[in-house]
Structure formats: C-alpha cells, structure tokens
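Undergrad: If you scroll down you'll find the structure; I have some questions about it.
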Amino acid sequence: MTWNIPNVLTTLRLLAAPAVAVMFLYFTRPWADWFALVLFVGAAVTDYFDGYLARMWKQTTKLGTMLDPIADKAMVVIALMVIVGYSSMSPWLVLPATVILFREVFVSGLREFLGDTAGTLKVTKLAKWKTTAQMIAIAVLFAQGVFEHYLWASTAGMDQNLVDSILRGDVEDLHGLQWKMTGMVWSGHVGLWLLWIAAALTLITGFDYFRKATPFLKD
C-alpha cells in the first residue's frame, strides 16, 4: 500500500461518510445540521482534489483507485439515509433516494461478479456528473435542514396568526422569519429538483453499465 496526499484525502472522505451520521447522534439540531453540512461539503471537495493531485503528481495507485468509488458511494448512501430519516419518509425524497441506492448496490454487485473483467465498466463523464449532482443535492438538502430548524426555533411559542402576519409583511420582522422561510423553501425545492435529476442520471448510467456488462453475462 502506498500512502500519499491523494490517498490520504480519499481516506478522509471515506471516514467522513459515517461521521456525517454520527453528528446527529451526539449533537442537537441545528448544530448537527451545521456539522454534517460542513463535513459533507469538505469531503465532497476532496473528491475533486484527490484525483486532480494524483494525476498532476503522477501518484495514481491501486489503493486510491479502489478507495475512491467506495468513498463516493459511502458518502452518498449514508447522507441520503440521514436526510430521508429526518424527512419523516417523504415520498418525494424516498423515491429518488431508493433509485440511487438501488443503482449503487446493483453496479457494485455487477463489478464484483465481473471480477477481473470489471475494468470494462470504466467511469464515464456522465457518471461523474451524476456523482456531482448527488453531492450538490445532498449538501443543499442539509442546508434546508438548517433553515428549517432556525425557523422552527424562532417561531416556537409564537401565535400562528402573528407568524403569518410577519411572513406576509404586515408586521415588522424582528426575528428574521422571512429570510429563514425563503431559505427553507428554496433550498428544499432546489435540493429536491437536483436529487431527482441525480436519480435520472443514476438510472441512465446504471443501464449503460449493465449494457456494457451484458456480453460477459452470457452462458
């Protein structure tokens, strides 16, 4: 095994995946949302730099090649589980998340079955865009959780009619309810759209991998 900076970055990204879930076990919201968001975004950034540095410094290794897709899948799968869990199983989140999880398991199983011939399933540019869309969607949905909690905390104990009046602009907004509501709504909508786009790309790339593997599946 060769340990260099690109491999260290990949390993840190792999360790950050379960750490995102752990944030919600040991911290209360919104701190858990903030820590998970920062941790996830930081880990997602390393996804670019580990590959870039490995190519630039000619430090591509078998260890890095193996760990990189595992780290990506771990990040996406664990983060989606956390988000879906805190969404009270909203079908708008559950469906695209299920598509993404199924595809990741399917392709991983396909690669394992192919063994030495798994190299034929090379990562395509569309697959890289798929991963990027997944990570951006998840980051935005974590941000939505931050806005949602701050809005809830600001309106706790307030009369609902007063809250409605503030949001309509009839009463002075001394608690920043309007920008919190706007942030929550927009991040929720953008995050959902991106997740559905990511799910569509996930299906397309999954079918592409299956098509390429078909010749090796014949008896």
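The values are calculated or read from the model by the stated rules, or taken from the named source; none is laboratory data. Predicted model, so just to flag it, every value in this text is computed and none were measured. Please note: Cβ atoms are built from the backbone with ideal geometry, for glycine as well, and neighbour counts cover all protein chains shown.
Undergrad: Considering only region 34-41, I want to know if a residue exists there that is in a loop (DSSP other than H, G, I, E, B), over 13 Å from the mean Cα position of the chain (by Cα) and on the phi < 0 side of the Ramachandran plot.
TA: Our first condition is that a residue be in a loop (DSSP other than H, G, I, E, B); within region 34-41, this holds for none.
No, the conditions are met nowhere in region 34-41.
Undergrad: Please specify each residue of region 74-92 satisfying the condition of being in contact (Cβ under 8 Å) with a residue 24 or more places away in the chain, closer than 15 Å to residue 198 by Cβ and surrounded by fewer than 21 Cβ atoms within 10 Å (Cβ to Cβ). Working first, answer last.
TA: Filtering region 74-92 down to residues in contact (Cβ under 8 Å) with a residue 24 or more places away in the chain leaves 74-83, 86, 92.
Next, only the ones that are closer than 15 Å to residue 198 by Cβ stay: 75-77, 79-80, 83, 92.
Listed by number, the residues that qualify are 77, 92.
Undergrad: Sticking with this structure for a sec: Residue 154 - would you say it is in contact with a His (Cβ under 7 Å, 6 or more places away or on another chain), closer than 20 Å to residue 32 by Cα and either surrounded by 14 or more Cβ atoms within 10 Å (Cβ to Cβ) or without any contact (Cβ under 8 Å) to a residue 40 or more places away in the chain (or both)?
TA: yes
Undergrad: For region 144-168, what are the residues that are modelled with pLDDT of 85 or more and under 10 Å from residue 30 (Cα atoms)?
TA: 145, 146, 147, 148, 149, 150
Undergrad: Let me ask something else about it. So is residue 214 touching a residue at least 24 places away in the same chain (Cβ under 8 Å), outside any loop (DSSP other than H, G, I, E, B), within 30 Å of residue 101 (Cβ to Cβ) and polar (S, T, N, Q) or not? Give the derivation first.
TA: On the way: touching a residue at least 24 places away in the same chain (Cβ under 8 Å): no; outside any loop (DSSP other than H, G, I, E, B): yes; within 30 Å of residue 101 (Cβ to Cβ): yes; polar (S, T, N, Q): yes.
So residue 214 fails the test.
Undergrad: Next up: Applying the selection to region 118-138, what residues are touching a residue at least 60 places away in the same chain (Cβ under 8 Å) and over 13 Å from residue 198 (Cα atoms)?
TA: Once the filter is applied, which keeps residues that are touching a residue at least 60 places away in the same chain (Cβ under 8 Å) and over 13 Å from residue 198 (Cα atoms), region 118-138 yields 120, 121, 124.
Undergrad: Return the total of residues in region 164-182 being under 20 Å from residue 145 (Cβ atoms) and either aliphatic (A, V, I, L, M) or in contact with a Leu (Cβ under 8 Å, 6 or more places away or on another chain) (or both).
TA: Filtering region 164-182 down to residues under 20 Å from residue 145 (Cβ atoms) leaves 167, 175-182.
Filter once more, so that each one left must be either aliphatic (A, V, I, L, M) or in contact with a Leu (Cβ under 8 Å, 6 or more places away or on another chain) (or both): 167, 177-178, 180-181.
Residues that pass the stated criteria total 5.
Undergrad: If you check 143, 153, 139, which single one turns out to be under 30 Å from residue 174 (Cα atoms), touching a Ser or Thr at 6+ places or on another chain (Cβ under 7 Å) and either hydroxyl-bearing (Ser, Thr, Tyr) or part of a helix (DSSP H, G or I) (or both)? First the steps, then the outcome.
TA: Numbers: 153 fails: touching a Ser or Thr at 6+ places or on another chain (Cβ under 7 Å); 139 fails: touching a Ser or Thr at 6+ places or on another chain (Cβ under 7 Å).
Within the list 143, 153, 139, the selection yields 143.
Undergrad: Identify, from the list 19, 44, the residue that is surrounded by fewer than 17 Cβ atoms within 10 Å (Cβ to Cβ), among the small types (Gly, Ala, Ser), within 16 Å of the chain's Cα centre (by Cα) and part of a helix (DSSP H, G or I). Let's see the steps before the verdict.
TA: Values: 44 fails: surrounded by fewer than 17 Cβ atoms within 10 Å (Cβ to Cβ).
Within the list 19, 44, the selection yields 19.
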